[in-house]
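Asker: Right, I'll just put the structure down here and ask away after.
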Amino acid sequence: MTEDKKTKILVIEDNEVNLELVREILTFRGFEVIEAIAAEKGIELARTELPDLILMDLGLPGMNGLTATQKLKHDPQTQNIPVVALTSHAMRGDQELAMSCGCSDYITKPIDTRKFPQRIRSIIEEQPNKNQ
Ligand code: MN
């Protein structure tokens with residue numbers, strides 16, 4: 001049996017229900033999931049774990065997800081990790097704001113549980129530095 005390295009996803013989300021849902025979907029589809037419920041801890045995990053992708057809730061207590069994304073994008077260690085914004089605020093303009101802060105994509109909550117895993121895979125495969 002080969003031991004392929006699992007694709008590692010860091011989920012930074014303060015809502016326990018959403019966090020559990022995302023964890024369940026992704027682990028069921030064979031992803032490795034690591035988690036943080038606050039931006040500061042998430043940034044620390046990004047640096048030490050170097051995940052293949054980060055799912056970033058924009059509405060976090062303390063440092064918000066956009067500020068955290070900007071910090072990740074200004075750190076040479078983490079700048080090539082794609083960050084996907086997760087937000088329940090489906091407001092016009094939010095997507096542009098998220099992209100301008102360095103997010104690679106944007107997923108609106110509640111997430112589409114059927115399409116979500118493939119969307120994550122596609123985003124990872126589109127990365128020019130995916131093998132890094
Ligand atoms: Mn939140």
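The values are calculated or read from the model by the stated rules, or taken from the named source; none is laboratory data. Every value quoted in this text rests on a predicted model; they were computed, and no experiment measured them. Here the Cβ positions follow ideal geometry from the backbone for every residue, glycine too, while neighbour counts run over all protein chains shown. What goes into the accessible areas is simple: the full protein's heavy atoms, side chains included, and nothing from ligands, DNA or RNA. Shrake-Rupley method; radii C 1.70, N 1.55, O 1.52, S 1.80 Å.
Asker: Output the qualifying pairs, or none if there are none: Cβ atoms under 8 angstrom, residues six or more apart or on different chains, first residue in the stretch 35-64 and basic (Lys, Arg), second residue part of a loop (DSSP other than H, G, I, E, B) and surrounded by 15 or more Cβ atoms within 10 Å (Cβ to Cβ).
Answerer: Arg47/Thr78
Asker: Among the residues of the stretch 98-118, write down those that are open to solvent by 30 Å² or more (accessible area, probe 1.4 Å), closer than 18 Å to Asp52 by Cβ and assigned to a loop (DSSP other than H, G, I, E, B).
Answerer: Correct list: Ser104 only.
Asker: For Asp94, only one of the following conditions fails: (1) closer than 16 Å to Ile120 by Cβ; (2) of a type in the set (Asp, Glu); (3) within 14 Å of the ligand (Cβ to nearest atom). What is its number?
Answerer: (1)
Asker: Another question, if that's okay. Consider Arg29 carefully, then state whether it is open to solvent by 70 Å² or more (accessible area, probe 1.4 Å), over 14 Å from the mean Cα position of the chain (by Cα) and under 13 Å from Phe116 (Cβ atoms).
Answerer: Yes; evaluated as a whole, the condition is true for this residue.
Asker: Now for a separate question. Is at least one residue of the stretch 89-97 assigned to a loop (DSSP other than H, G, I, E, B) and open to solvent by less than 60 Å² (accessible area, probe 1.4 Å)?
Answerer: Checked against the condition, which is being assigned to a loop (DSSP other than H, G, I, E, B) and open to solvent by less than 60 Å² (accessible area, probe 1.4 Å), the stretch 89-97 yields at least one hit.
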